[in-house]
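Following: one structure in structure tokens, then a few remarks.
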Amino acid sequence: MYSEDGLLPLSALQHLLFCPRQCALIHVERQWEENRFTAEGRVAHEKVHEAGSETRGGRRIVSGLPLRSLRLGLSGQADVVEFEADGAPFPVEHKRGRAKEEDWDRVQLCAQALCLEEMTGRTVERGALFYGKTRRREDVVFDADLRRRTEETAARLHELVESGRTPPPEPSGRCRNCSLASVCLPGARRSVEPYLRKAFDE
Amino acid sequence: MKHYLNTLYVTTQGAYLAKDGECVLVRVEGEDRLRLPIHGLGGIVCFGQVSCSPFLLGHCAENGVGVSFLTERGRFLARVQGPVSGNVLLRREQYRRADDPAASAAAARCLLTGKIANCRAVLLRTARDHEDKVNAGALRGAAERLADCGRRLDPGLPLDVLRGIEGEAGNAYFEVFDHLLTNQKEEFRFSVRSRRPPLDRINCLLSFLYALLAHDVRSALESVGLDPAVGFLHRDRPGRPGLALDLMEEFRPVLADRLALSLVNLGQVQARGFRVEENGAVRMDDDTRKAVLVAYQKRKQEEMRHPFLDEKAPLGLMPYLQALLFARWLRGDLDGYPPFLWR
Ligand code: SF4
């Protein structure tokens, strides 16, 4: 069990899955550089959160619902949670872009579900991801496998942030889409000595 | 790459700066003179009798735009800045290393490598480009002495030995500094460095440019979350931005010295633009100050390749990249601090 002080943002799970160094730069070092990708994401989110809450066909649709789980040590906000007539929650997360090969988005959604379970005492079996670019909705089942992976990711996130260390860069194709590349400097060679030695050549 | 953000310099006495929506409004004698969107700004520097509304200051703080107040002649007075950015762990590491003599010496060695190499590059560049107009032999001789100092910067040397080498290199450089002038040689003769106050025109020019550079380096350090006050080569002294001065060393020859020289050599500043007081203190007039500011801004826009990162960036962004690299050394990503080496 974590204390309220020890809660980390839900969104950090995705950062961790994308790149542990990016996650440490944001959540340990507090570097944040807004680039085109994050800016678009933020604008899209603001739109969703503005919506407030409404009732449609017996379901209550709540935007911007605050969430937390003391068990996983996470807190954040759900884009949208639909409550069925019987009160069963169904989280829906809006994503810019398209569905990814990896299960980052599913892990984040599952973490929301685990928060909702802890807060409402009800089982949350399913949710959905909505992709802005393709306007496609993907239903997600929170099975044992996904739950385990989500819990593991949350535990790794806490380890990383508590260590206070930023892992070294692992340059890859991801760096091109990384909002923190200009802070990370993935291309910086690690050994400085040969560079210093060359300063007085020629 | 971080956008290259421009600095707004306000030199008009009596100017008033206010927030106008998302813009900075500059008003002089009740008249709106300039409106600039705050998002394109990296900093505001006010010279002399210039005031800012508290709302503008708050807005700047929120947007990470540092506002500095300098005297009319460029002496630093105060700076308004938002909440301290970055991470406490990084600053703690900075303090730990600054307290550790071996780690301080290691940093000082890297910083001095940059300083000495860039001084040398300035001498060699002039010797090459103005072979016919300057005493190229003297410049090459001094460059050789600098190279010799640089090659003696071995790992493991204690700080006092490093400072000795620094002093030697400084002498070698300033001894031939006067030879770098190809024009207006009499009016701008340089003998020794004088600062408080500057006692000749070239020193007056240098001091002003160093003040501009100090502002930029300090902002760069703050924006990556480092404490500009705690230095390695420059030890702590209240009110002294030690780390900013440290990081400035490698930029002085490139961003300030060379610019001062080319302003004189190209006749962009004239002797009559300076006033010599009865006691020998020298001041610049308004027009000269403006010409220097414009030239400085222009110089910062020149693109070059960063020698360590191997990326192209405007010269004005280099202090920011160096601040990042310094933080990366503190973080343990790099086994040393790679200074900016100009060629
Ligand atoms: S630039 Fe690459 S290595 Fe650096 S944080 Fe981003 S993804 Fe990770």
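Considering only region A:156-166, I want to know if a residue exists there that is touching a Lys or Arg at 6+ places or on another chain (Cβ under 9 Å), within 12 Å of chain B (Cβ to nearest Cβ) and of a type outside the set (D, E, K, R).
yes
Would a scan of region B:163-173 turn up a residue that is away from chain A (no Cβ under 14 Å) and of a type in the set (A, V, I, L, M)?
Within region B:163-173, not a single residue is away from chain A (no Cβ under 14 Å) and of a type in the set (A, V, I, L, M).
Which residues, counting only those in region B:178-214, are of a type in the set (Gly, Ala, Ser) and within 23 Å of residue B:132 (Cα to Cα)?
B:191
Take the conditions closer than 30 Å to residue B:149 by Cβ, of a type outside the set (Lys, Arg), under 25 Å from the mean Cα position of the chain (by Cα) and away from every other protein chain (no Cβ under 14 Å) and apply them to residue B:98. Does it pass?
In short, yes.
Looking at region B:111-158, which of the residues that are touching a Phe, Trp or Tyr at 6+ places or on another chain (Cβ under 7 Å) and within 10 Å of chain A (Cβ to nearest Cβ) is farthest from residue B:256 (Cα to Cα)?
Out of the qualifying residues, it is B:151.
Which residues, taken from region B:305-322, are within 11 Å of another protein chain (Cβ to nearest Cβ) and not in a loop (DSSP other than H, G, I, E, B)?
B:313, B:317, B:320, B:321
Looking only at region B:310-343, which residues are over 25 Å from residue B:93 (Cα atoms) and small (Gly, Ala, Ser)?
Once the filter is applied, which keeps residues that are over 25 Å from residue B:93 (Cα atoms) and small (Gly, Ala, Ser), region B:310-343 yields B:313, B:316.
Can residue A:192 be described as free of Cβ contacts under 8 Å to residues at least 12 places away in the same chain and buried (at least 16 other Cβ atoms within 10 Å of the Cβ)?
yes
Among the residues of region A:132-152, are any within 14 Å of chain B (Cβ to nearest Cβ), among the hydroxyl-bearing types (Ser, Thr, Tyr) and away from the ligand (no atom under 16 Å from the Cβ)?
No; the residues of region A:132-152 include none that is within 14 Å of chain B (Cβ to nearest Cβ), among the hydroxyl-bearing types (Ser, Thr, Tyr) and away from the ligand (no atom under 16 Å from the Cβ).
So residue B:183 ticks every box in (1) in contact with a helix residue (DSSP H, G or I) (Cβ under 6 Å, 6 or more places away or on another chain); (2) surrounded by fewer than 16 Cβ atoms within 10 Å (Cβ to Cβ); (3) closer than 17 Å to residue B:114 by Cα; (4) not hydroxyl-bearing (Ser, Thr, Tyr) but one. Which box is left unticked?
Going through (1) in contact with a helix residue (DSSP H, G or I) (Cβ under 6 Å, 6 or more places away or on another chain); (2) surrounded by fewer than 16 Cβ atoms within 10 Å (Cβ to Cβ); (3) closer than 17 Å to residue B:114 by Cα; (4) not hydroxyl-bearing (Ser, Thr, Tyr) one by one, residue B:183 breaks only (3).
Give the residue that is surrounded by the most Cβ atoms within 10 Å (Cβ to Cβ), with candidates limited to residues of region B:55-95 that are among the hydrophobic types (A, V, I, L, M, F, W, C) and within 14 Å of chain A (Cβ to nearest Cβ).
Selected residue: B:90.
From B:219, B:194, B:207, grab the single residue that is in a helix (DSSP H, G or I), modelled with pLDDT under 85 and either among the charged types (D, E, K, R) or surrounded by 16 or more Cβ atoms within 10 Å (Cβ to Cβ) (or both).
None of the others qualify; the one that does is B:219.
How about region A:1-23: which of its residues are surrounded by 20 or more Cβ atoms within 10 Å (Cβ to Cβ), part of a helix (DSSP H, G or I) and in contact with a His (Cβ under 9 Å, 6 or more places away or on another chain)?
A:12, A:15, A:16, A:22, A:23
Are there helices (runs of 4 or more DSSP H) fully within region B:61-154 with at least 1 residues that are modelled with pLDDT under 85? List them.
B:88-99, B:136-151
Quick check: is even one residue across region B:283-292 among the hydrophobic types (A, V, I, L, M, F, W, C) and in a helix (DSSP H, G or I)?
Yes, the conditions are met somewhere in region B:283-292.
In region B:268-290, is there at least one residue being within 14 Å of chain A (Cβ to nearest Cβ) and closer than 23 Å to residue B:173 by Cβ?
Looking through region B:268-290, none of the residues is within 14 Å of chain A (Cβ to nearest Cβ) and closer than 23 Å to residue B:173 by Cβ.
Being in contact (Cβ under 8 Å) with a residue 12 or more places away in the chain, within 18 Å of residue A:16 (Cβ to Cβ) and within 16 Å of the ligand (Cβ to nearest atom) is true for just one of A:185, A:160. Which residue is that?
Matching residue, one of A:185, A:160: A:160.
Go through (1) at pLDDT 95 or above; (2) in contact with a Ser or Thr (Cβ under 7 Å, 6 or more places away or on another chain) for residue B:47 and report which single condition fails.
(1)
The values are calculated or read from the model by the stated rules, or taken from the named source; none is laboratory data. All values derive from a computational prediction rather than experimental measurement. So basically every Cβ, Gly included, is an ideal-geometry build from the backbone, and we count neighbours across all protein chains shown.
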